[in-house]
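Since the structure comes first, as structure tokens, the remarks are kept for the end.
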Amino acid sequence: MCGIVGGIAQRNVVPILMEGLRRLEYRGYDSAGLAVREASGGIQRFRTIGKVSNLDGIVADTGANGLLGIAHTRWATHGRPSELNAHPHMSGERVAVVHNGIIENHSELRARLESLGFVFTSETDTEVIAHLLASKLGEGLDIFQSVKGASKEMTGAYAMAVACPEESDRIIVTREGSPLVIGLGEGENFIASDVAALLPVTQRFLFLEEGDVAEISRDKITIFDKAGEQVARQEKTSKLNADSVDKGPYRHYMLKEIYEQPGVIAETLEGRIYKGRLMEESFGHEAKALFDKTKQVQIVACGTSYHAGLVAKYWLEEIGIPCDIEVASEYRYRKVVVSPDTLFLTISQSGETADTLAALRAANSMGYIGSLCICNVPESSLVRESNVALMTRAGPEIGVASTKAFTTQLVALRLLTLALAKRRGLSEADEQVLVNELHAVPRQVEVVLQLSDAIKTMANAFADRQHALFLGRGCFYPVAMEGALKLKEISYIHAEAYPAGELKHGPLALVDAEMPVVCALPDDPLLEKVLSNLQEVRARGGELFLFSDQKVKIDLDNYQNLTLSDIYPTTAPIVYSIPLQLLAYHVAILKGTDVDQPRNLAKSVTVE
């Protein structure tokens with residue numbers, strides 16, 4: 001989604017802003033821009049469609065230099081990708097604005113401002129903010145008062161940063177429903193929508209809360225809350241570092257993140273299991289009491305996180321915990337019946353997914369016993385607003401197509417399942433077995449990663465195909481869904497997933513010699529049924545691409561198969577996800593698509 005970065009310093013901020021934009025590219029965007037206050041007092045603005053590198057070339061050619069600036073990467077919501085729609089937006093020479101989110105009443109505000117003589121040059125809702133601020137300035141308010149006044153007139157979710165040519169010593173920021181952080185320096189301060197943008201210059205951050213308005217100067221931060229009271233927000237030190245978002249020797253971030261999975265899975269387990277036991281204390285001091293009361297679980301998530309939740313539903317119901325799961329964008333807009341003693345569980349990589357956050361906020365008044373989030377970003381809104389947070393510890397995930405976040409979410413969900421299973425009579429002996437199986441996952445993933453070259457060869461069969469079918473049964477149906485999502489996200493091949501038993505209810509009509517069919521074949525109780533379903537595919541000429549347990553005997557013709565060994569049924573969904581990630585990656589390379597930043601998609605979906 002859109003990204004914001006800004007700074008005020010005693011040195012040229014342009015290189016800092018450009019580096020910040022590069023570090024926000026992973027969020028997804030279609031244009032970029034920068035506004036810097038010149039020594040003469042004017043604002044110099046640069047905007048372009050396409051990559052940040054395009055903007056960098058334009059800025060470098062002009063020798064832009066300034067001690068105060070704001071910059072932005074845009075993901076189109078109102079108005080097509082174009083230079084005129086790119087941020088920053090200005091109202092004459094009075095004010096420059098960068099903005100994430102959506103101003104829902106922009107049409108009414110636009111009509112009013114046009115009646116006052118303001119001329120609009122873009123299709124965006126953001127330009128409304130610029131002109132609204134200019135109108136406030138025209139009434140004699142200063143820029144800080146103008147931002148506070150404008151915020152009261154706007155409805156929607158937003159984070160914004162404002163620079164005014166007449167103001168050489170401050171940037172004004174505010175947030176309502178979209179994230180914004182302040183990075184603290186010595187004689188300089190910065191703002192961004194994501195801590196990753198500022199890691200080269202600071203690891204000290206303040207996190208604005210809903211409705212906060214802040215004045216950022218070189219040596220001072222002043223914050224006012226929604227009620228207009230001056231407040232202090234707690235300073236936090238990020239554990240991330242600048243190098244953690246570099247590609248290193250890998251061609252793409254996605255490939256790097258696929259290969260990081262053994263390490264981050266081990267990190268997710270560290271300190272949470274010890275000598276064959278689950279350490280519930282590591283979940284947080286409120287977790288035990290919450291788990292003691294939990295008789296049912298409601299999971300809400302989006303995209304890949306939703307698929308992780310679907311796997312967890314199988315795990316939780318296997319131990320006798322009823323579990324419902326729903327896509328956040330649907331859940332938040334329907335009448336919900338909450339069963340007694342239900343835990344509300346959200347899953348999100350970024351912790352800033354707008355629909356998931358809105359669902360959590362609505363759930364707070366619905367009668368749930370409490371909220372737990374599984375998340376990868378400690379500083380995120382979801383973590384701060386949930387009763388208990390279980391961090392996945394995957395580290396920064398830059399590739400838009402989620403990989404290590406998904407598998408670490410599954411690990412975290414497995415830990416949650418163990419915690420609740422202990423309240424359903426899980427014996428110490430059985431607990432030790434399950435914990436040992438989790439401990440084995442990093443090694444098993446390392447072994448699967450050695451199949452990359454073989455999967456690369458397999459990918460050749462997909463290079464000229466337009467469609468693909470993924471099959472699975474039981475908890476491998478959501479694994480198939482995730483595999484199909486990965487393929488369509490980064491290779492642009494239309495891919496769908498179905499429960500294998502549903503073939504005869506429609507999807508079999510699609511199967512012919514041009515339809516590759518992908519299926520994981522773990523050694524589990526549903527194996528024979530899946531093999532029978534695959535016979536149906538072969539009878540229609542479909543070509544099979546299989547990933548099977550080495551113990552599985554396959555009596556089929558015209559198939560390609562790669563074997564996995566020593567995979568435990570309890571953790572098999574985690575391990576079998578890896579070859580599907582690699583398959584999508586290698587197909588995308590053959591197709592020549594933008595692996596890390598696929599078209600039309602964003603990493604963090606911070607608007608509806």
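Some notes on this structure:
- Of all residues in segment 352-374, those that are in contact (Cβ under 8 Å) with a residue 24 or more places away in the chain and assigned to a strand (DSSP E or B) have Cβ atoms under 9 Å from Cβ atoms of residues that are surrounded by fewer than 22 Cβ atoms within 10 Å (Cβ to Cβ) and of a type in the set (D, E, K, R), 6 or more apart or on another chain, in Gly370/Glu286; Gly370/Lys293; Ser371/Glu385; Cys373/Glu385.
- Here Leu546 qualifies as under 17 Å from Ala459 (Cα atoms) and without any contact (Cβ under 8 Å) to a residue 40 or more places away in the chain.
- In segment 274-311, of all residues being among the aliphatic types (A, V, I, L, M) and under 17 Å from Asn376 (Cα atoms), the one that is surrounded by the fewest Cβ atoms within 10 Å (Cβ to Cβ) corresponds to Ile299.
- Those residues of segment 375-397 which are open to solvent by 10 Å² or more (accessible area, probe 1.4 Å), part of a loop (DSSP other than H, G, I, E, B) and in contact with a Cys (Cβ under 8 Å, 6 or more places away or on another chain), in sequence order: Ser386
- Residue that is farthest from the chain's Cα centre (by Cα), among those in segment 141-162 that are in a loop (DSSP other than H, G, I, E, B) and under 26 Å from Thr353 (Cβ atoms): Met154
- Qualifying residue in segment 162-169 (condition: surrounded by fewer than 24 Cβ atoms within 10 Å (Cβ to Cβ) and farther than 15 Å from Ser217 by Cβ): yes
- Those residues of segment 275-291 which are out of contact with any Lys or Arg (no Cβ under 6 Å at 6 or more places or on another chain) and assigned to a loop (DSSP other than H, G, I, E, B), in sequence order: Lys275, Gly276, Gly284, His285, Glu286
- Flag for Gly66 being closer than 23 Å to Ser122 by Cα and crowded, with 16+ Cβ neighbours inside 10 Å: no
- Within segment 422-449, tally of residues that are more than 29 Å from the chain's Cα centre (by Cα) and more than 30 Å from Leu546 (Cβ to Cβ): 11
- Residues of segment 11-49 that are assigned to a helix (DSSP H, G or I) and aromatic (Phe, Trp, Tyr): Tyr26 alone.
- Within segment 185-206, the set of residues being hydrophobic (A, V, I, L, M, F, W, C) and either in contact with a Phe, Trp or Tyr (Cβ under 7 Å, 6 or more places away or on another chain) or on the phi > 0 side of the Ramachandran plot (or both) comprises Val195, Leu198, Val201.
- Scanning segment 15-47 for residues that are open to solvent by 10 Å² or more (accessible area, probe 1.4 Å) and without any contact (Cβ under 8 Å) to a residue 60 or more places away in the chain yields Pro15, Arg22, Asp30, Glu38, Ala39, Ser40, Gln44, Arg45, Phe46, Arg47.
- Subset of segment 147-159 [surrounded by 22 or more Cβ atoms within 10 Å (Cβ to Cβ) and without any contact (Cβ under 8 Å) to a residue 24 or more places away in the chain]: Ala150
- Scanning segment 475-526 for residues that are among the β-branched types (Val, Ile, Thr) and either in contact with a Lys or Arg (Cβ under 7 Å, 6 or more places away or on another chain) or free of Cβ contacts under 8 Å to residues at least 40 places away in the same chain (or both) yields Ile493, Val511.
- Of all residues in segment 317-339, those that are surrounded by fewer than 17 Cβ atoms within 10 Å (Cβ to Cβ), in contact with a strand residue (DSSP E or B) (Cβ under 8 Å, 6 or more places away or on another chain) and touching a residue at least 40 places away in the same chain (Cβ under 8 Å) total 2.
- Selection of segment 229-247 for residues being in a loop (DSSP other than H, G, I, E, B) and either exposed (fewer than 10 other Cβ atoms within 10 Å of the Cβ) or at pLDDT 95 or above (or both) yields Glu229, Ala232, Arg233, Gln234.
- Count - residues of segment 73-100 that are more than 17 Å from Ile172 (Cα to Cα) and in contact (Cβ under 8 Å) with a residue 40 or more places away in the chain: 14
- In segment 401-411, the residues that are in a loop (DSSP other than H, G, I, E, B) and open to solvent by less than 10 Å² (accessible area, probe 1.4 Å): Ala401, Thr403
- Residue check for Gly50: closer than 30 Å to His252 by Cβ, free of Cβ contacts under 8 Å to residues at least 60 places away in the same chain and either within 30 Å of the chain's Cα centre (by Cα) or surrounded by fewer than 18 Cβ atoms within 10 Å (Cβ to Cβ) (or both): yes
- Within the set Asp212, Asp194, the sole residue that is open to solvent by less than 10 Å² (accessible area, probe 1.4 Å) and within 20 Å of Leu180 (Cβ to Cβ) turns out to be Asp212.
- The residues listed here are Val587, Val575; of these, the one that is modelled with pLDDT of 90 or more, open to solvent by less than 30 Å² (accessible area, probe 1.4 Å) and farther than 22 Å from Val311 by Cβ is Val587.
- Here Ala39 clears all of (1) of a type in the set (A, V, I, L, M, F, W, C); (2) at pLDDT below 90; (3) in contact with a His (Cβ under 8 Å, 6 or more places away or on another chain) except the condition numbered (3).
- Looking across Gly117, Gly92, one residue alone is modelled with pLDDT of 95 or more, at positive phi and either of a type in the set (Lys, Arg) or surrounded by fewer than 20 Cβ atoms within 10 Å (Cβ to Cβ) (or both). It is Gly117.
The values are calculated or read from the model by the stated rules, or taken from the named source; none is laboratory data. Predicted model only: the values in this text are computed from it and were never measured. Glycine gets a Cβ as well: all are built from the backbone with ideal geometry, and neighbour counts include every protein chain shown. Only protein heavy atoms, including side chains, enter the accessible area calculation; ligands, DNA and RNA are left aside. Shrake-Rupley method; radii C 1.70, N 1.55, O 1.52, S 1.80 Å.
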